[in-house]
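One structure is given here, and the rest of the page talks about it.
The values are calculated or read from the model by the stated rules, or taken from the named source; none is laboratory data. Note that this is a predicted model, so its numbers are computed, not measured. We work out accessible area using only protein heavy atoms, side chains counted, and drop any ligands, DNA or RNA first. Shrake-Rupley method; radii C 1.70, N 1.55, O 1.52, S 1.80 Å.
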Amino acid sequence: NSMLYNRIEDANREFMEIRQRLLHGERLATLGESAASIAHDLKGPLVSIGGLARRLLRKETHGSTEWRYAETIVRESDRLGKMLGDILFFSKKTTICYTDCPLKAIVEESLDVVSGFLEENGIRVKKRFSTNPLQVLGDFQQLKQVCINLFSNAGDAMVHGGTLSISLSSAVLDGRPAASIKV
């Protein structure tokens with residue numbers, strides 16, 4: 001009887017620990033959902049603030065007090081945008097939605113995202129797209145993120161300005177029709 005009683009006590013203790021861990025996990029999940037919702041809501045106004053500050057930056061004399069203020073706003077809004085993006089990326093369930101993705105639209109939307117950064121660094125964009133519409137089966141948002149990363153990395157590599165050349169063309173991969181994006 002004593003051994004059974006000890007086993008029941010151990011099982012009950014284990015059960016309580018597991019219950020506490022589950023409750024803690026539920027609280028963390030709720031906190032993550034709340035953080036994702038807040039991050040999503042904050043991104044819109046933050047993009048507007050950064051965009052308006054970039055316009056001010058272009059209008060003001062380089063090095064003036066107003067230019068430094070606008071530059072600080074741009075830098076900090078970019079930093080906050082990255083933090084909010086990280087929160088959203090961490091909190092979302094990764095699901096891939098395969099659809100027919102028009103590559104030209106993906107590239108154009110990605111360029112829109114990084115255009116301010118490229119302009120600020122004196123980088124011109126030269127596009128050469130196939131006359132035939134190119135589509136691939138994939139996740140539009142993830143392909144767009146890949147292009148944004150490629151264009152940003154290319155811009156980071158051109159510290160003294162330059163030309164970012166992007167081409168889209170038909171290709172063949174392992175004997176099958178494919179598409180090529182060259183950066």
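Between Gln142 and Val47, the contour length at 0.36 nm per residue exceeds the alpha carbon distance by 32.2 nm. Using the 1.4 Å probe convention, the accessible area of the range 28-82 works out to 72 Å² per residue with neighbouring protein chains retained. For the range 5-24 and the range 135-183, write down the distance between their C-alpha centroids in whole Å. Using only Cα atoms to place each centre, the spacing works out to 53 Å. Taking the helices alone, the chain has a mean residue ellipticity at 222 nm of -24000 deg cm²/dmol, built from -39,500 (n - 2.57) per DSSP H run of at least 4 residues and averaged over all its residues. Amide H to amide H distances under 5 Å link Ala171 with Ala178, Ala179, Ser180, where only residues 5 or more positions off or on other chains count and H is placed in the peptide plane.
Which of Lys43/Lys182; Lys82/Lys182; Lys59/Lys82; Lys126/Lys182; Lys144/Lys182 have a Cα-Cα distance over 23 Å?
Too far apart for the 23 Å limit: Lys43/Lys182; Lys82/Lys182; Lys59/Lys82.
Listed values for the range 148-157 are Karplus-derived 3J(HN,Hα) couplings in whole Hz (6.51 cos²θ - 1.76 cosθ + 1.60, θ = phi - 60°), namely 4, 5, 4, 5, 5, 5, 4, x, 4, 6, and x replaces Gly and Pro. Each semi-axis of the equivalent ellipsoid for the range 106-183 is √(5λ) with λ an eigenvalue of the Cα gyration tensor; in descending order they amount to 24, 13, 11 Å.
Pairwise Cα distances in the range 48-183 exceed 26 Å for 35 percent of all pairs. For the chain, averaging the sequence separation of C-alpha pairs within contact (under 8 Å, six or more residues apart) and dividing by the residue count gives a relative contact order of 17 percent.
Taking every alpha-carbon pair in the range 1-120 and binning the separations at 5 Å intervals from zero gives 2, 9, 11, 12, 12, 11, 9, 7, 6, 5, 4, 3, 3, 3, 2, 1, 0, 0 percent.
Per atom type, the chain shows carbon and sulfur on 58% of its accessible surface, probed at 1.4 Å. For helix 103-120, report the angle its Cα long axis makes with the longest principal axis of the Cα atoms of the chain; keep it between 0 and 90° and round to the nearest 10°. Roughly 80 degrees, rounded to the nearest 10.
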